[in-house]
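*Asks:* Just dropping this structure here.
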Amino acid sequence: MPAPPKVSILMNCLNGERWLREAIESVQAQTFQDWELIFWDDKSTDSSWWTARQMANADPRLKCFRGPGGQTLGMSRTLAAQRAQGDYVAILDCDDLWKPQKLALQLEMMTNPALAFCFSDCDIIDEDGQVTGSAFARTPPPSNGTTLYRALLTRPNFMLCPTIMFRFDRLCAMSGFRPSFGSAETYDLCVRLAQHDPAAWTPLRLAQHRRHPGQFNGTGKAAIYKEVLQVMKEHRSWRHPAQIRREIGLWGKLAVKTIAHS
C-alpha cells in the first residue's frame, strides 16, 4: 500500500469553471510533488465537476468528491478535510493560484515542530490575472509571532486562504473548520490556533488571490462581517482599544450593507 502524501490540498468549488484548470495546474507545477488534491464540488451546475474529473483521470493525486449541495463553506471544508491523509493541510480555492515553490518553502518553515501553521504574502490579482497589489502592502502582519493572536482581532485581514499551511494534527485538535460558518471559517480557525500556538510567515508572495466581481455581493459581505464579529465577540477576554475600534467599524459596515439590501 503506498505511503500517504505529505500534504493534503483542499479545493472547494461551486461553479468555478472559469479558472479551475489554471488553479489545478498551479498545484501540478509545484517543485514539491508529494501531495494530494482533494477536490470537493458543491453540486456545481457548470462544467467544474467534469473538468476536475477529466484532470483526475490523468493524475491520480487528484481525488474528486461531490457533496449534496447547499452546504456552508465551513461544512464543505470539513468534509474535504475528513478525506485528508497528509501531515499538512493547505487550501487553494478554484479562482486562486500558487507560485511553484509555495509548498516547498512552507514545508521548510514547518520544520519547527512548535508551529501550528504558517502563511505568506501574496499577490492580489484581478479577473484577467493582472497584479493590483499585495496582502501585506494593504495590511502588514505583526512583527513577531507572539502578537499574531491580537493582530488577527485588531487589524483588517492580512492572512489570505491560499497562503496558509496547517499542521493537520493541530487543526484536528481545534476541531477543524466551524461547519456553521459560510465565509469566515478559515479566519475563525486561525484565531483559535493563534490563541494557543505560534505561527510563522514570510514576506515572499507565494500565491495569487483573485478579486473579481462575482466573488462577493452585498449580502455576502454582510455575512462575512457577521461571522468576523462573532469570532471577535468570542475572543473578547481582554478589552484592547484597537479591537473595540475594529468592532465598531465592522458594525458600521454591516449596517450599511444591511440597509442597502433590505
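The values are calculated or read from the model by the stated rules, or taken from the named source; none is laboratory data. Here the structure is a predicted model, which means the values were calculated and not measured. A quick note on method: Cβ atoms are made from the backbone with ideal geometry, for glycine too, and the neighbour counts reach across all protein chains shown. Note: areas computed on protein heavy atoms with side chains; ligands, DNA, RNA excluded. Shrake-Rupley method; radii C 1.70, N 1.55, O 1.52, S 1.80 Å.
*Asks:* Under 11 Å from the Cβ of Glu127, count the other residues' Cβ atoms, weight Lys and Arg +1, Asp and Glu -1, and hand me the total.
*Replies:* It works out to a net charge of 0.
*Asks:* If we count every other residue with Cβ under 10 angstrom of Leu37's Cβ, Lys/Arg +1 and Asp/Glu -1, where does the sum land?
*Replies:* Combined, the nearby Lys, Arg, Asp and Glu give 0.
*Asks:* Continuing with the same structure: Could you point to the residue in Cys64, Ser134, Ile248 farthest towards the positive end of the chain's charge dipole, with +1 and -1 charges on the Cβ of Lys/Arg and Asp/Glu respectively?
*Replies:* Ile248
*Asks:* Still on this structure: Send over the semi-axes of the range 64-193's equivalent ellipsoid, whole angstrom and largest first, taken as the square roots of 5 times the C-alpha gyration tensor eigenvalues.
*Replies:* Listed largest to smallest, the semi-axes of the range 64-193 are 22, 19, 16 Å.
*Asks:* Hey, another quick one. Dividing the alpha-carbon radius of gyration of the range 101-170 by 2.2 N^0.38 Å (N being the number of residues), what value is obtained?
*Replies:* That ratio works out to 1.20.
*Asks:* Here is a further query. First obtain the Kirkwood hydrodynamic radius of the range 63-139 from its Cα pairs, then insert it into the Stokes-Einstein equation at 10 °C and 1.306 mPa s, and state the resulting D in µm² per second as a whole number.
*Replies:* 104 µm²/s
*Asks:* Which of rounded, prolate or oblate describes the range 143-208 when judged by the alpha-carbon gyration tensor and an a/c cut-off of 1.5?
*Replies:* Here the range 143-208 falls in the rounded category.
*Asks:* Something else now. Which percent of Cα pairs goes in each bin when the distances of the range 1-104 are cut into 10 angstrom slices starting at zero?
*Replies:* 16, 53, 29, 3
*Asks:* Please name which of Gln208, Ala151, Trp40 has its Cα lying farthest along the dipole of the chain towards the positive end, using unit charges on Cβ (Lys, Arg +1; Asp, Glu -1) and the Cα centre as origin.
*Replies:* Comparing the listed Cα positions along the dipole, Ala151 ranks first.
*Asks:* Now for a separate question. Please report, in debye to the nearest 20, how large the charge dipole of the range 133-215 is about its Cα centre when each Lys and Arg carries +1 at its beta carbon and each Asp and Glu carries -1 there.
*Replies:* Dipole of the range 133-215, to the nearest 20 debye: 240 debye.
*Asks:* Heavy atoms only, probe 1.4 angstrom, no DNA, RNA or ligands counted: give me Cys161, Cys190 ranked by accessible area, highest first.
*Replies:* Cys161, Cys190
*Asks:* Evaluated at 4 °C with a viscosity of 1.567 mPa s, what Stokes-Einstein diffusion coefficient in µm²/s does the chain have when Rh comes from the Kirkwood expression over alpha-carbon pairs?
*Replies:* Taking Rh from Cα pairs, D becomes 69 µm²/s.
*Asks:* Share of the chain's accessible area from carbon and sulfur, percent, 1.4 Å?
*Replies:* Carbon and sulfur atoms account for 55 percent of the accessible area of the chain.
*Asks:* Excluding residues on the same chain fewer than 8 positions from Lys63, give the lysines whose Cα lies under 28 Å from its Cα.
*Replies:* Hits, sequence-local ones excluded: Lys6, Lys43, Lys99, Lys102.
*Asks:* Rounded, prolate or oblate, given the Cα gyration tensor of the range 43-96, with a/c below 1.5 counting as rounded?
*Replies:* Here the range 43-96 falls in the oblate category.
*Asks:* Which whole DSSP H helices in the chain pass both tests: a Cα extent of 24 Å or more along the axis and a mean Kyte-Doolittle value no lower than -0.5?
*Replies:* Both cut-offs are met by 218-234, 241-260.
*Asks:* Another question about this same structure. Considering only the other residues whose Cβ falls under 12 Å of the Cβ of Arg192, what net charge follows from Lys and Arg at +1 and Asp and Glu at -1?
*Replies:* Here the count lands on -2.
*Asks:* So, one more: First check a/c for the range 8-68, with a ≥ b ≥ c the square roots of the eigenvalues of its C-alpha gyration tensor; if it is under 1.5, answer rounded, and if not, answer prolate when a/b is larger than b/c or oblate otherwise.
*Replies:* prolate
*Asks:* Are there GluC sites (Glu not before Pro) in the range 1-36 that DSSP marks as loop and that have at most 13 other Cβ atoms within 10 Å, and which are they?
*Replies:* Sparse-neighbourhood loop GluC sites (Glu not before Pro): none present.
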